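To start, the structure under review is shown below, and the notes come after it.
Laboratory data are not the source of any read-out in this text; all were calculated from the coordinates shown. In this text the structure is predicted, and so the values were computed from the model without any measurement. So basically every Cβ, Gly included, is an ideal-geometry build from the backbone, and we count neighbours across all protein chains shown.
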Amino acid sequence: MGANLILQSRMNQLGHTQEELAAQLNIALQEITGRPGEISPRTIRNLLNGSSRRPIGRTCAALERVFGCPVADLGFSAPRSMQHPPEDHVRRRDFMLSTTGTAAAAVPIVKQQRRSAGMTDVVRAAAGMNKLVEADDRQGGHKSLAAAALKGRDDILELQQRNASERVRRALYALAAEYTTIAAWSCIDLRDLDTAQKYLHESTTFAGLSQDPPTGMRVWINMAMLAYQRQNWPEQLAAAQAASASQAARRDPFFGSMGRVRLALAHSSLHDPRAAKRALSAAQETLQKAVEDDRPRWTAFYGPAELNHLAAIILNHNGQSAEAEAMAHRALAKIPAEFQRNRALATCQLALAQLRQGEPEQATTTAARVFTIMDGAPLPGRMRTLIGDFHRDLLRRAPSTTYARNWADRMRDEWSRA
């Protein structure tokens, strides 16, 4: 008599613990018989260790309902009254339900059962989400990316309608929040801020249901970024404070740094350079305490290079252009080539810092690199806003120079791609 490795494998696929499977089986018995089930974790242990190779009819019925297949496919010998014709595993016959071996009323199982959602579905959906994150890293938010993210969210919500363990259900809600946040982020990048607001409110609900700290962290960060784009500085600060005080930030210095740099950005927006400097220093110190760990794919953008990029933004806001230029150079030295959008944004900050130090020609040369980095792709809305700021400032400072006129011609050509 050996362990039932088939059942253990199916439990692993669905993400069920012994306690969760017992609960699912009792729910199934309630649906089948109209009476609460009394299956315990001890029953599940006996099924797994091989002590029970021929479960009673009630248990078999519940197993078939939860796993969506005949009990023979789970490594058991079914009672004779439940054995299915070999030519049709889907069709269910009436069978005897009994707890003592005596006959009970025959209860029909539905002809087709809804397949359960398991960890294999979670892994598959996560892989699809990671591909969207990679696409965003390359070229930023765009309409097709938002549409793909919403399709992924809808697929996740369909999986939520199936039987699932608590662990699987929470993982699915986390993915629903992730997909919806990608759609919201694409809208932020496209400057479609009202739509972004709607999606972020939706993703906040999913993140709460997931009870997953990193997912909640991501939503707060995007809330802060949306408020920044809307120039709603008090809301930006409130969202940054929520991110900095979140469970993820308290547990992991990596997320703690991510929250603190958002605080620094919010303080700089509110023209409080001292508070911004304190928060930025805290973000830098906290990141040094972070260790390598298995974190969600969306966090790959953040590290010393991105922190330097964000520092350049803060210093530019604070009027410290020389320091901002130094930080932008440090960021560009380490931002990976595949993060095209972030490299282009850091280049924008470098150009702005040079321009504000009275180096318009050098700044124009730097700004032109943005188009090369984006490799001919249309600029996301946020980047167009930054380039537009540079363009207006350049024409104000050096309107009649040859390089400014050449830049204006380049701008017209690039803008026509959108």
Whole Å is fine, so just give me how far the alpha carbon centre of the stretch 353-418 lies from that of the stretch 177-254.
30
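Please label the shape of the stretch 303-418 as rounded, prolate or oblate, based on the square roots a ≥ b ≥ c of the eigenvalues of the alpha-carbon gyration tensor (a/c under 1.5 means rounded; beyond that, a/b larger than b/c means prolate, else oblate).
Taking the square roots of the gyration eigenvalues as a ≥ b ≥ c, the stretch 303-418 is oblate.
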Give me the distance in nm between label points sitting 7 Å out from Cα along the Cα-to-Cβ direction at Asp409 and Ser144, one decimal.
3.2
What is the helix-to-structure angle for 193-210, meaning the angle in degrees between its Cα long axis and the longest Cα principal axis of the chain, kept from 0 to 90 and rounded to the nearest 10?
40
Rounded to the nearest Å, the spacing of the alpha-carbon centers of the stretch 12-27 and the stretch 286-333 is 44
Of the peptides 171-182, 3-14, how do they stack up when ordered by the mean number of other Cβ atoms within 10 Å, highest first?
171-182, 3-14
Greater than 27 Å apart at Cα, pairs in Lys143/Lys277; Lys198/Lys334; Lys151/Lys198; Lys151/Lys334:
Lys143/Lys277; Lys198/Lys334; Lys151/Lys334
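What does the highest-first list of 369-377, 346-354 look like by mean Cβ count within 10 Å? Display every interim value, and only then the final one.
Details: 369-377: 15.9, 346-354: 26.9.
Result, highest mean Cβ count within 10 Å first: 346-354, 369-377.
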When you count, for each residue, the other Cβ atoms within 10 Å and take the mean per peptide, how do 405-411, 236-242 rank with the highest first?
236-242, 405-411
Taking Cα atoms, how many degrees apart are the long axis of helix 143-159 and the longest axis of the chain, rounded to 10 and kept between 0 and 90?
20
Along the charge dipole of the chain, which of Ile182, Gln349, Ser321 sits closest to the positive end, that is, farthest toward it, with unit charges on the beta carbon of Lys, Arg, Asp and Glu (+1, +1, -1, -1)?
Ile182
Rounded to the nearest 10 degrees, the helix 340-356 long axis (Cα) sits at an angle to the longest Cα principal axis of the chain of 20
Could you calculate the contour length gain from Ala275 to Ile27, that is, 0.36 nm times the residue separation minus the distance between their Cα atoms, to one decimal place in nm?
83.9 nm
